[in-house]
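One structure is given below, encoded as structure tokens.
Just so it is clear, none of the values below were taken in a lab; they were calculated from the coordinates. Just so we're clear, the structure is a prediction, and the values are computed from it rather than from any experiment. Here Cβ is always computed from backbone atoms with ideal geometry, including for glycine, and neighbour counts include all displayed protein chains.
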Amino acid sequence: EVQLVESGGGLVQPGSSLKLSCVASGFTFSNYGMNWIRQAPKKGLEWIALIYYDSSNKYYADSVKGRFTISRDNSKNTLYLEMNSLRSEDTAMYYCANIPSEFGVAYWGQGTLVTVSS
Amino acid sequence: DIVMTQAPLSVSVTPGESASISCRSSKSLLHSNGITYVYWYLQKPGKSPQLLIYRMSNLASGVPDRFSGSGSETDFTLKISRVEAEDVGIYYCGQLLENPLTFGSGTKLEIK
């Protein structure tokens, strides 16, 4: 069974840091580019970061550039998102998802909730 | 950034009837390789998004063939034939042509 399982979310104060993890199973994680996508409460989807299958390239949305870092460990089938200088507007459900393959293979995790509030 | 504009904001459909959702991109999503990089997702209530259509017109695995995607370089349509109760949720179009990846604001489908 294919699974992407995020963890690491929680309630933190503005200015704090948090590191999210996404553990993959049931598919060849190292073959896929991976994304972090977030969804603020009652809002739409916002892409925030992408990492190539081999970590050779990383891209960020302007809203998180310089504060968030995406990384991966293919030996552990794990994707990470390190988040620094958190703001209230970073409050959202954070999903990991692969870049859909040429055959439309696309997986999403169940999400991990990050709440930034004093 | 490529802006994805969806319409309508919401649609109410009688079971068994059809529904169409439109999406327009601010830039052509047709790559020089001939592939149009528009995708359609459905987020059912309380769930993660799931892929319905990839590369404009290809049905994702496990998705009923009641769903279909079509379009041009900048104008796209998701059609749902014979709508069922399980189709309720928010539909998003998204572009994977270039970074930043962007999504439409969503269309909520309800059942009458």
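Could you tell me how many cubic angstrom of Cα convex hull volume chain A has per residue?
Enclosed volume per residue, from the Cα hull, is 99 Å³.
To check my understanding: the extent here is largest minus smallest coordinate of the Cα atoms along each principal axis. What are those three numbers for chain B, in Å, largest first?
Principal extents (largest minus smallest coordinate, Cα): 41, 23, 23 Å.
Give me the percent relative contact order of chain B, please, defined on Cα pairs under 8 angstrom at least 6 residues apart.
38
Would you mind getting the Kirkwood hydrodynamic radius of the protein assembly as shown from its Cα pairs, rounded to one decimal in Å?
For the protein assembly as shown, the Kirkwood estimate is 18.1 Å.
For residue B:88, what is the net charge nearby, where nearby means another residue's Cβ is under 10 Å from its Cβ and Lys, Arg count +1, Asp, Glu -1?
-2
Which far-off residues, 5 or more places away or on another chain, put their amide H under 5 Å from the one on residue B:52, with H placed in the peptide plane?
Answer set, sorted by chain and number: B:40, B:41, B:42.
Give me the net charge of residue A:59's neighbourhood, meaning all other residues with Cβ under 13 Å from the Cβ of residue A:59; Lys, Arg count +1, Asp, Glu -1.
Charge balance in the 13 Å sphere: -1.
Once amide H atoms are built 1.01 Å from N in the peptide plane, which residues 5 or more positions from residue A:33, or in another chain, come under 5 Å H to H?
Here the answer is A:53, A:99, since their amide H atoms fall under 5 Å of that of residue A:33.
May I ask for the longest run of chain A untouched by GluC sites (Glu not before Pro) that are loop-located per DSSP and have at most 12 neighbouring C-beta atoms (other than their own) within 10 Å?
A:2-101
First select every other residue whose beta carbon is under 15 angstrom from the beta carbon of residue B:56; then total the charges, Lys and Arg +1, Asp and Glu -1.
Here the charged neighbours net out to +1.
What's the magnitude of the charge dipole for chain A around its Cα centre, counting Lys and Arg as +1 and Asp and Glu as -1 at the beta-carbon? Answer in Debye, nearest 20.
Magnitude of the dipole: close to 280 debye.
List, in order, the whole-Hz ³J(HN,Hα) value for each residue of the stretch B:41-56 obtained from phi through the Karplus relation with A = 6.51, B = -1.76, C = 1.60 and θ = phi - 60°; use x for Gly and Pro.
10, 10, 10, 6, x, x, 10, 6, x, 10, 6, 9, 10, 10, 6, 6
For the stretch A:55-67, just list the computed ³J(HN,Hα) in residue order, Karplus coefficients 6.51, -1.76 and 1.60, θ = phi - 60°, integers in Hz, with x standing in for Gly and Pro.
Residue by residue, the stretch A:55-67 yields 6, 6, 9, 9, 9, 9, 6, 4, 5, 10, 4, x, 10 Hz.
Please list, in order along the stretch B:74-86, the HN-Hα scalar couplings obtained from phi with the Karplus expression 6.51 cos²θ - 1.76 cosθ + 1.60 (θ = phi - 60°), rounded to whole Hz, x for Gly and Pro.
10, 10, 9, 9, 9, 10, 10, 8, 6, 3, 10, 4, 6
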